[in-house]
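Enquirer: Please read through the structure below; I'll follow up with questions.
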Number of protein chains: 4
Amino acid sequence: MATKTPAEAPASKAAPDAKRRSERSRRAIYEAALALVTEVGYGKVTIEGIAARAGVGKQTIYRWWSSKAEVLLEAFIDLGEQAAEAAGGGEAFASLPDTGDVAADLKGVLRATVDELLDRKYDAPYRALAAEGVVNRELSEKFVQQLLEPGLKLYVARIEAAQAAGQIREDLDPRIAMEFFVSPLAQRWLQGTGPLTHEYTDKIVDYALHGLAPR
Amino acid sequence: MATKTPAEAPASKAAPDAKRRSERSRRAIYEAALALVTEVGYGKVTIEGIAARAGVGKQTIYRWWSSKAEVLLEAFIDLGEQAAEAAGGGEAFASLPDTGDVAADLKGVLRATVDELLDRKYDAPYRALAAEGVVNRELSEKFVQQLLEPGLKLYVARIEAAQAAGQIREDLDPRIAMEFFVSPLAQRWLQGTGPLTHEYTDKIVDYALHGLAPR
Amino acid sequence: MATKTPAEAPASKAAPDAKRRSERSRRAIYEAALALVTEVGYGKVTIEGIAARAGVGKQTIYRWWSSKAEVLLEAFIDLGEQAAEAAGGGEAFASLPDTGDVAADLKGVLRATVDELLDRKYDAPYRALAAEGVVNRELSEKFVQQLLEPGLKLYVARIEAAQAAGQIREDLDPRIAMEFFVSPLAQRWLQGTGPLTHEYTDKIVDYALHGLAPR
Amino acid sequence: MATKTPAEAPASKAAPDAKRRSERSRRAIYEAALALVTEVGYGKVTIEGIAARAGVGKQTIYRWWSSKAEVLLEAFIDLGEQAAEAAGGGEAFASLPDTGDVAADLKGVLRATVDELLDRKYDAPYRALAAEGVVNRELSEKFVQQLLEPGLKLYVARIEAAQAAGQIREDLDPRIAMEFFVSPLAQRWLQGTGPLTHEYTDKIVDYALHGLAPR
DNA sequence: CCGTAAGCGAGACGGTACGTCAGGTCTTGGC
DNA sequence: GCCAAGACCTGACGTACCGTCTCGCTTACGG
């Protein structure tokens, strides 16, 4: 049984000592990265720029991250945690609301999502990460795992609850059902194939639940 | 009196004379761009690299395009035209098939789309353009207008036909209905949130048409 | 017979085209290098600094030279040529003066040399090159060959003339004899083992010619 | 009144306590410095490299020395002392030999000097210090004072003895006379203007003593 | 003989410069 | 006048060291 102790790691070039890490620098880097992405656009963000803005040596960035995409990913995750902590006391979005009415619940969540996607503070970095992920498998995995998946799981759970309540057919794969609510929104946001409005997401929910074909 | 032709561009530095343009160079640049994107990945493609590979001066690229994204966009459109010409005699995909059975027709088209998205030849450049579009509004517009929209219009047309045939409810916005077939696929492809299979797209069609709620 | 044509050169990374070289940049680089060495000292001269001061890209330096020492060497040689051209019409120092009196001639030349070595304009770069040469064989060879040797040859020639005139013993190696006039000066200048004055060089000449031992 | 002990250093940042200094580290640093200079060349020696090689923290070097040149200077002096201690019981080279024959005595010493200068163990560090001294006045002074001067004084003393013995003219400045034996050797060694051989130094002595001019 | 303050190995930090790569502009010579 | 070629200025890359600054630890001094 080749179980490894967690304290191992042969690493290619000696891992830095996380205990000595400067919290102050980390925060400054996050802030600089987020600010720059919104100000100049992801393509024009440079490691050098982040370092300068954060008042930090370049090496301090290279020591802890391996690309600007990774910096931004962590910065954005941190931004989410900050927001969550500020908003709710504990786990902010542990689950989607469940009033017993799936349609209403989903409409509410999607409206909130639209608002968030249109918020300058989130749009630029989130979009940058999505773009990078499209073309960079490694980042994509982290992006999906750490940012997307937690949100998607909430939908899946809510749909399962609806199935139990008889509001959604039991024979459907909730993982796929969930995409009817999320993907149209995602595509409009990412590719700009149409406007993001509350009316739009309301319709999405209605169409999806009742189907396109006449009854 | 400096008579101008109506199509005159007030360009800052005199537009090059398209009549004298070297067809040979243009083709070589397209091929180089597509090959490089597949071989080294979009992020590592450089104008210099394209020029070298195409046996062309850098200036010849800068004269006719304004960024590597634009080169790639045109190269990809050209690739599509080549393929279309090769495949069908004339207009290859003037419309989606209409056998009278929307479900079957859509399933067929989506299966073909999945196959195409998984084809190495198309995946890399298409993905690169999509990624760039997420973060670059100008390119995004051209991308949607010239590559995405024509395809989407076919769906809209097919759905309208189905509405006329009574297979899809008349009160639905076909533009939104269309997204139920296209967006889930797009998201899985772009973000890697799930596998792309024929079974998957079949389900998408069924779920969408009959709705998630029990009848 | 494996004689190679001069136009050959397989070079490690393609030699740049000297015909297209910017004369303006070359001159600016020479001036910047010389100025910086005098102002901040050889150790603090950087390629980046030279480039900035010369208003030139770093790559333009790296394209034509392989180290700051080589830049400085060429700059200093050029400085000498400038001075020579300015001073005499043609070849300024084709030979040492020959009035028939070796002692007087040598004293005159050495006094002039002292003055030159104490001139701020020459001291810093010359010293830097000498220092680098002490520790860098490749540069040392170029330094000796291109800067030192031409001067030393003049001494050898003058000594040979003196031998022919019976003022210096015929059985002596002029190459070694020459060093008695040059080396003490060189050491005082390089290592600071004593002051450089006209009295000092006069004595050197007298001591050397008449010997240390009593007659 | 802030009474100061006489040995008090008004240092800017409190002098370290020499009593607590680690002898083991000091030695390791000397060895590392000397080894590195010979192995990779002075220019490529770094404080970090010395520290790593010596198994010592960087701060331990910065605490006791102010530059790599100073480390090397002390290391080299120490090397000399080690050698002296090993060779002779007490003061190894308290004076030059005096057999009554200046010529022979000087030839012997110079031959020994040549051998030492060609010894790999001494060449690299000594050369490095000389080079640094050419361009760094502060180090130059220490270098001359602590390494060169003691040797030169021996020559001066031997020449004065020869003057007393009537073998060298009394009216000559022994300080200058000495340079005829030392400087040519120094220049050939530092600048590579000629080979270092026993024949060469023998001739130096003969030429210097009897003069270049015919008698 | 024991507590404490120093020296120590280690290495993270804010920086500067390295040598390289590519971007976009401009010039030269060939066709 | 387009083109291949490529020198040029610019600016970012990722790395190596600089000299300073903690961190625990070990060690020897002085109360």
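Enquirer: In the set B:L96, B:L106, which member is over 27 Å from A:A131 (Cα atoms), in contact (Cβ under 8 Å) with a residue 12 or more places away in the chain and assigned to a helix (DSSP H, G or I)?
Expert: On the way: B:L96 fails: assigned to a helix (DSSP H, G or I).
Just a single option satisfies the conditions, and that option is B:L106.
Enquirer: Part of a helix (DSSP H, G or I), more than 8 Å from chain D (Cβ to nearest Cβ) and buried (at least 18 other Cβ atoms within 10 Å of the Cβ) - does that describe any residue in region C:175-184?
Expert: Just the residues of region C:175-184 that are part of a helix (DSSP H, G or I), to begin with: C:175-184.
Now drop any that are not more than 8 Å from chain D (Cβ to nearest Cβ), which leaves C:178, C:181.
Imposing the further condition that a residue be buried (at least 18 other Cβ atoms within 10 Å of the Cβ) reduces the set to C:178, C:181.
Yes, region C:175-184 contains a residue that is part of a helix (DSSP H, G or I), more than 8 Å from chain D (Cβ to nearest Cβ) and buried (at least 18 other Cβ atoms within 10 Å of the Cβ).
Enquirer: Now, a different point. In region D:58-83, what count of residues is obtained for those that are open to solvent by 70 Å² or more (accessible area, probe 1.4 Å) and within 18 Å of the chain's Cα centre (by Cα)? Lay out the reasoning, then the answer.
Expert: We begin by selecting, within region D:58-83, every residue open to solvent by 70 Å² or more (accessible area, probe 1.4 Å); these are D:58-59, D:62-63, D:66, D:74, D:81-82.
Subset that is within 18 Å of the chain's Cα centre (by Cα): D:74, D:81-82.
Of the residues in region D:58-83, 3 are open to solvent by 70 Å² or more (accessible area, probe 1.4 Å) and within 18 Å of the chain's Cα centre (by Cα).
Enquirer: Could you check A:V45 against (1) more than 10 Å from DNA strand F (Cβ to nearest atom); (2) buried (at least 19 other Cβ atoms within 10 Å of the Cβ) and say which number it fails?
Expert: Failing condition for A:V45: (1).
Enquirer: Moving to a separate point now. Which of (1) open to solvent by 70 Å² or more (accessible area, probe 1.4 Å); (2) modelled with pLDDT of 95 or more; (3) within 14 Å of DNA strand E (Cβ to nearest atom) is the odd one out, the single condition D:E39 does not satisfy?
Expert: (3)
Enquirer: Just for region B:185-199: of the residues that are in a helix (DSSP H, G or I) and touching a residue at least 40 places away in the same chain (Cβ under 8 Å), which one is farthest from the other protein chains (Cβ to nearest Cβ)? Outline the logic, then answer.
Expert: The initial filter retains those residues of region B:185-199 that are in a helix (DSSP H, G or I), namely B:185-191, B:198-199.
Narrowing further to those that are touching a residue at least 40 places away in the same chain (Cβ under 8 Å): B:185, B:189-190, B:198.
Numbers: B:L185: 8, B:W189: 9, B:L190: 5, B:H198: 14 Å.
The selected residue is B:H198.
Enquirer: I'd like to verify a number: residues in region A:153-208 that are among the hydrophobic types (A, V, I, L, M, F, W, C) and within 26 Å of B:F143 (Cβ to Cβ), how many?
Expert: Residues of region A:153-208 among the hydrophobic types (A, V, I, L, M, F, W, C): A:154, A:156-157, A:159, A:161-162, A:164-165, A:168, A:172, A:176-178, A:180-182, A:185-186, A:189-190, A:196, A:204-205, A:208.
After this cut, where a residue has to be within 26 Å of B:F143 (Cβ to Cβ) as well, the list is A:180-182, A:185-186, A:189-190, A:196, A:204.
Here the count works out to 9.
Enquirer: Looking at (1) farther than 25 Å from A:A131 by Cβ; (2) within 11 Å of DNA strand E (Cβ to nearest atom); (3) of a type in the set (V, I, T), which one does A:I29 not meet, given that it meets all the others?
Expert: (1)
Enquirer: Moving on. Select from region A:125-148 the residues that are open to solvent by 20 Å² or more (accessible area, probe 1.4 Å) and more than 8 Å from chain B (Cβ to nearest Cβ) and write down the one among them that is farthest from the chain's Cα centre (by Cα).
Expert: A:E138
Enquirer: Also, quick follow-up: Can you tell me which residue is farthest from the other protein chains (Cβ to nearest Cβ) among those in region A:162-174 that are without any contact (Cβ under 8 Å) to a residue 24 or more places away in the chain and of a type in the set (G, A, S)?
Expert: Filtering region A:162-174 for residues without any contact (Cβ under 8 Å) to a residue 24 or more places away in the chain gives A:163-164, A:166, A:169-174.
Next cut, of a type in the set (G, A, S) only: A:164, A:166.
Numbers: A:A164: 13, A:G166: 7 Å.
Looking at residues that are without any contact (Cβ under 8 Å) to a residue 24 or more places away in the chain and of a type in the set (G, A, S), I get A:A164.
Enquirer: Out of curiosity, is B:R120 open to solvent by 20 Å² or more (accessible area, probe 1.4 Å) and either away from every other protein chain (no Cβ under 11 Å) or within 19 Å of B:G192 (Cβ to Cβ) (or both)? Step through it out loud before you land on a result.
Expert: Details: open to solvent by 20 Å² or more (accessible area, probe 1.4 Å): yes; either away from every other protein chain (no Cβ under 11 Å) or within 19 Å of B:G192 (Cβ to Cβ) (or both): yes.
When the stated conditions are applied, B:R120 passes them.
Enquirer: Determine which single condition A:D101 fails, assuming it passes every other condition in (1) open to solvent by less than 40 Å² (accessible area, probe 1.4 Å); (2) more than 16 Å from DNA strand F (Cβ to nearest atom); (3) within 22 Å of A:L152 (Cβ to Cβ).
Expert: All conditions are met except number (1).
Enquirer: Output the number of the condition that B:Q145 fails; it satisfies all remaining conditions of (1) in contact (Cβ under 8 Å) with a residue 12 or more places away in the chain; (2) under 22 Å from A:R188 (Cα atoms).
Expert: Against the list (1) in contact (Cβ under 8 Å) with a residue 12 or more places away in the chain; (2) under 22 Å from A:R188 (Cα atoms), B:Q145 comes up short only on (1).
Enquirer: Please work out if B:G55 is farther than 27 Å from A:K44 by Cβ, exposed (fewer than 15 other Cβ atoms within 10 Å of the Cβ) and not assigned by TED's automatic domain parsing to the domain that holds B:K153.
Expert: So B:G55 passes the test.
The values are calculated or read from the model by the stated rules, or taken from the named source; none is laboratory data. Just so it is clear, the model here is predicted, and its values are computed rather than measured. Here Cβ is always computed from backbone atoms with ideal geometry, including for glycine, and neighbour counts include all displayed protein chains. Side chains are part of the model used for accessible areas, which takes the heavy atoms of the whole protein and leaves out ligands, DNA and RNA. Shrake-Rupley method; radii C 1.70, N 1.55, O 1.52, S 1.80 Å.
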